[in-house]
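> My questions will all concern the structure given below.
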């Protein structure tokens, strides 16, 4: 199976670099930033869940748009 993945990389490159046009060295950095933003967002919205439901429904998507 590994030989199929290696063959695909040689012939087509990686999906992320082809679609976005970013370099291969930038992809890990982008994934780290995305992971950190996910953890931060989940922490903030998780704390909001102790409050009335309407605040979570308003602030959750608002924070998602900001970050």
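> Looking at the structure I just gave you, is residue 63 in a helix (DSSP H, G or I), out of contact with any strand residue (DSSP E or B) (no Cβ under 7 Å at 6 or more places or on another chain), surrounded by 11 or more Cβ atoms within 10 Å (Cβ to Cβ) and at pLDDT 80 or above?
Considered against the rule, which asks whether it is in a helix (DSSP H, G or I), out of contact with any strand residue (DSSP E or B) (no Cβ under 7 Å at 6 or more places or on another chain), surrounded by 11 or more Cβ atoms within 10 Å (Cβ to Cβ) and at pLDDT 80 or above, residue 63 comes out as no.
> Just to be sure I understand the filter: pairs with C-beta atoms under 7 Å, separated by 6 or more residues or on different chains, first member in region 49-67 and over 25 Å from residue 33 (Cα atoms), second member surrounded by 11 or more Cβ atoms within 10 Å (Cβ to Cβ) and modelled with pLDDT under 80. Which pairs pass?
Matching pairs, first to second residue: 55/48.
> So, one more: Taking region 1-26 as the region of interest, how many residues are at pLDDT 85 or above and surrounded by 10 or more Cβ atoms within 10 Å (Cβ to Cβ)?
The number of residues fulfilling the criteria is 1.
The values are calculated or read from the model by the stated rules, or taken from the named source; none is laboratory data. The shown structure was predicted, so the numbers you read here are calculated from the model rather than taken from an experiment. Methodologically, a virtual Cβ is constructed for each residue, glycine included, from the backbone with ideal geometry; neighbour enumeration extends over all protein chains shown.
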